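Worksheet for the structure shown next.
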């Protein structure tokens with residue numbers, strides 16, 4: 001399939017054939033116009049970066065996500081993660097006063113947040129009320145316990161929350177009561193999807209996120225709340241009355257509801273809220289919607305050199321693709337990378353372009369993907385720069401943690417020339433070109 005054949009998700013005949021999750025995400029969407037690049041004034045305070053994303057409380061960082069998704073965790077768990085990955089380079093990676101933080105990320109299933117997954121709320125008002133007795137945090141609050149770790153009390157680390165509410169953020173995070181209400185379907189691989197195309201479906205997911213933010217959204221020890229991806233799978237495995245257009249549009253309704261009900265701190269700022277792999281479609285959901293809502297964007301799999309990104313003469317990705325959208329929204333909304341281990345476990349190989357790179361790879365060279373490649377590609381001078389990156393605590397990734405960030409972390413040996421993570425939203429000291437700087441060909445030749 002050639003690029004011109006898949007500019008719009010709406011144009012795909014996905015009723016007639018299956019497409020993989022990777023290919024679907026690579027297709028992107030037709031985006032209405034290129035956003036004007038925003039210019040912001042850089043300023044810092046002791047608690048958070050201010051001025052980067054007005055109205056947001058944003059904590060850039062690098063971190064590690066626990067592989068356990070149950071309602072578990074305590075101060076010792078969070079501290080052990082910090083001690084393993086941050087403490088060995090604490091003085092080198094994290095300046096004083098802090099401008100970057102180590103992020104201990106925890107992923108939760110929706111059903112694991114409930115005392116009884118069979119017990120439905122009596123109403124939407126109850127399901128979005130954080131005091132509902134069926135929420136586990138009202139009995140044992142592991143999030144409160146985790147943020148009591150010394151590294152967080154001492155403002156050295158933050159907790160990131162990644163919430164899986166529907167497939168494909170994980171195969172089946174959905175509570176039994178949602179299934180009993182007929183608000184889900186299962187695809188051919190047994191993945192359970194919520195009927196976002198139905199009002200009750202999207203509203204109950206919005207209720208969950210509102211409850212989480214009402215409970216924890218004022219806590220400055222929490223870096224962000226990330227909503228897991230929601231790819232519906234092959235169209236021919238969806239219910240016969242499924243509306244793909246409503247499914248896409250109602251994801252935006254979730255974002256609007258959650259953001260409108262996120263609490264503000266005394267400075268009028270709300271927590272950073274991000275969506276993994278948002279599905280954009282010209283005429284339904286566009287990058288302008290994301291920008292106007294100040295919704296962060298994350299991505300679960302760290303693909304590199306997709307969407308025509310990183311060609312020597314044209315480093316920007318194809319118009320309408322998620323990679324290009326992320327390039328255009330850099331400096332406008334927080335950009336994150338949830339670095340899953342699947343590609344690395346599968347031995348993903350990348351074909352390098354002729355772009356200048358710190359590894360000396362030449363055009364057409366095919367090599368197994370490594371964490372260092374990802375850190376450069378998404379770093380401040382990389383092809384698709386982001387602000388924050390967390391990786392899964394899996395040996396295929398973490399055994400290269402220190403060597404990678406010794407090169408591309410703050411004060412890394414290659415950071416001045418090739419860029420770094422974490423990344424302060426296009427600050428002048430990183431790009432040398434002012435806030436909102438988009439990658440240009442000359443950025444990659446040194």
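Computed from the coordinates by the stated procedures, all read-outs in this text should not be read as laboratory data. Here the structure is a predicted model, which means the values were calculated and not measured. Cβ coordinates were reconstructed from backbone atoms using ideal geometry, including for glycine residues, and neighbour counts include every protein chain displayed.
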Length released on extending from residue 264 to residue 125, taking residue separation times 0.36 nm less the Cα-Cα span:
48.0 nm
With each pseudo-label sitting 7 Å past Cα toward Cβ, what's the residue 342-residue 176 distance in nm, one decimal?
2.7
So, relative contact order of the stretch 114-253 in percent, Cα under 8 Å, 6 or more apart, is 31
Eigenvalues of the Cα gyration tensor times 5, then square-rooted: what semi-axes does that give for the stretch 202-245, in whole angstrom, largest first?
31, 12, 6
Which value results for Rg/Rh of the stretch 243-394 when Rg is the Cα radius of gyration and Rh the Kirkwood radius based on the inverse mean 1/r?
1.00
Which order, highest average first, do 210-222, 237-249 follow once you tally other Cβ atoms within 10 Å for each residue and take the mean per peptide?
210-222, 237-249
